[in-house]
1. How do the peptides A:130-142, A:102-114 rank, highest first, by the average count of neighbouring beta carbon atoms within 10 Å per residue?
2. Just how many % of Cα pairs in the range B:99-191 lie over 16 Å apart, if you round to the nearest whole percent?
3. Shielding by partners for B:161-168, please: the mean number of other protein chain Cβ atoms within 10 Å of each residue's Cβ.
4. On average over all directions, what projected area in square nanometres does the protein assembly as shown have, based on the convex hull of its Cα atoms?
5. Nearest 10 degrees, 0 to 90: what angle lies between the long axis of helix A:237-265 and the longest principal axis of chain A (Cα atoms)?
6. Take the eigenvalues of the Cα gyration tensor for chain B, scale each by 5, and report the square roots as semi-axes in whole Å, largest first.
7. Using Cα atoms only, what is the angle between the long axis of helix B:270-279 and the major principal axis of chain B, expressed in degrees (0 to 90) to the nearest 10?
8. Going by Cα centres, the range B:208-285 and the range B:95-149 are how many Å apart?
Amino acid sequence: MKALLRNPACLIGILLVVLHLVVAIGAPWVAPYAPTSLLDAPLEPPSATYWLGTDDLGRDAFSRLLWGGRVAMLVAFAAGIIAVVGGAVLGLSAAFMRGAFDDCMLCLVEMKLAVPTILFVAIFVTGFGQSIPILILAIGIIQMMGVIRTTRAAGIVLMEQGYVRAAQLNGESGPKIILRELLPNVADLMAVEFALRASSALLLVSALSFLGLGISPPTPDWGLMVEDAMALLDSEPHLVLAPALAISTLVLGINLAAEGLAEALGLDAARGGASG
Amino acid sequence: MISLILRRGALSLATLFLLASFIFFATEVLPGDALDVSLSADEVAMMPPEVLARRKAELGLDRPILERYLGFLGGLRKFDLGRTIITRAPVADIVAMPLRNSMALAAVTLLLALPVALGIAMAAAQAKGRGLDNAVSGAAIIGYSIPEFVTGLLLIAVFAVWWPIFPATITASTNDPLSVLLAAAPLAVFTTIIGSIAYLGRILRVGMIEVMASDFVERLHLSGIPRWRILLVHALPAAVIPGLSAAALYAASLVSGIVVVEMVFAYPGIGAELVRAVTRREVHVVQAIALAAAICVVSFNLLADLGISALDPRTRSA
């Protein structure tokens, strides 16, 4: 932990993430107005009443900015947890069992490489409709493949260790070895993976919202806000730049923190790789 | 080498087959059939059951799943992508030109981004741990933390609004020659290039640093070969290998990036077509775009794999 705080880039990252989390959690109390209520004339310029002015429907842009990360973060973190927990269990099981199950997992990972993430989610949305649970599930599944790859590789190394051998010779059951001997030893890796997966999930979900395939209106969301205000870039640039800056600083914060964490733990974040 | 090409080729085909199956089951079996997906829940509820049944029979959707699945695969083998459910337009006609446009954007991006990323990676590896390297790493992490649509809009804000030297959106149409289209889209090309440089530069830098720290580079040093020669002739091919193994990931992320960038600039490619098809629930168009993208990524991956084995003799026996 001390090593993390001594690395200035990592410290900035952690501060950015904490700031965003505090704002997201505190939005209902901090925001001056309700994010979806129509308050005034559309496109009022920034003023003491409306710090960022009003949007194209006359809603307070500043309140929407404070609220705008909540759903995206919920989706990203939930998908990250699904990806890391599911991926670690499958990846370690593959490392433990090898054989046909391992081949299946490798095949899945290989297949994922061929599908651009946005298309994967688009297929899900076409089939199952556009809703938050579907988004979480689709993003969680696609992100899981990368975690399977890294935890499987780590698991194969661990399987050669004396204590795993000893547990096997003791006749302990497979699930017990996976949960008791392997899983605790990839906790570091899982922490870094969670950060990387959450940051790419955030990029993905805001890109999807921007495309109109992610979070639906009237939910306040940064990706949607950028899309809404895009046509007003020349007259009301603040309506585009504020949510754009919010997404970018949050993702940057997570990535900086993940990089610092990986360095402190002696893992290679660039190789584990956040991937689009 | 030939047996390697055959084996990798077969593997790629198997991957595509599995993907096609996944696409079919995720869009036409699990959520109901193609007509259920094409219509909204309200429309299905409004339609009398016998009309719905007749429409399904017309579309061949009353056949058992296995038969429809085999029909789907059989159509793919003949590059027959079917027709849209509602308007009955041939899917191949809808997808062909946008696909061409998107592939042109991807090709230009790759051609321009790769040399720049290589150059940056070499410069950064030379200065490992010092100012330039830190600046490059910092720029890369910022580069891949900013969503493509934000980069695109920032470029529009700077180069189309404040200092209007480029058009904000593209006025060329879908069927224009590629030269016209790409010339009309400088900011779209810049946006995809920036993302690609951040992505490739980061991977290539790691490979480069690893190689420059290796024993064999040390040996070359000691035998008095100049540093630039080591860098260009000996280290570069070795450093490209990790880059090539990340090629599939890069290709997939390039496609995702292009989908978004096309929407920012109104570039007439598969991105715009995909979003339109998903929101209008045109199942077969979504399927065709997903398959086309998968074929591109898988072929790119295949080429990268073969490139690795050409560059790295150790992998040939594997």
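1. The packing order, highest mean first, is A:130-142, A:102-114.
2. 65 percent
3. Per residue, the number of nearby Cβ atoms from other chains is 1 on average.
4. Answer in nm², one decimal: 32.0.
5. 20 degrees
6. Three semi-axes, in Å: 44, 26, 15.
7. 40 degrees
8. 8 Å
Bear in mind these aren't lab numbers, they're just calculated from the coordinates by the rules spelled out. In this text the structure is predicted, and so the values were computed from the model without any measurement. No Cβ is skipped: glycine too gets one built from the backbone with ideal geometry, and neighbour counts run over all protein chains shown.
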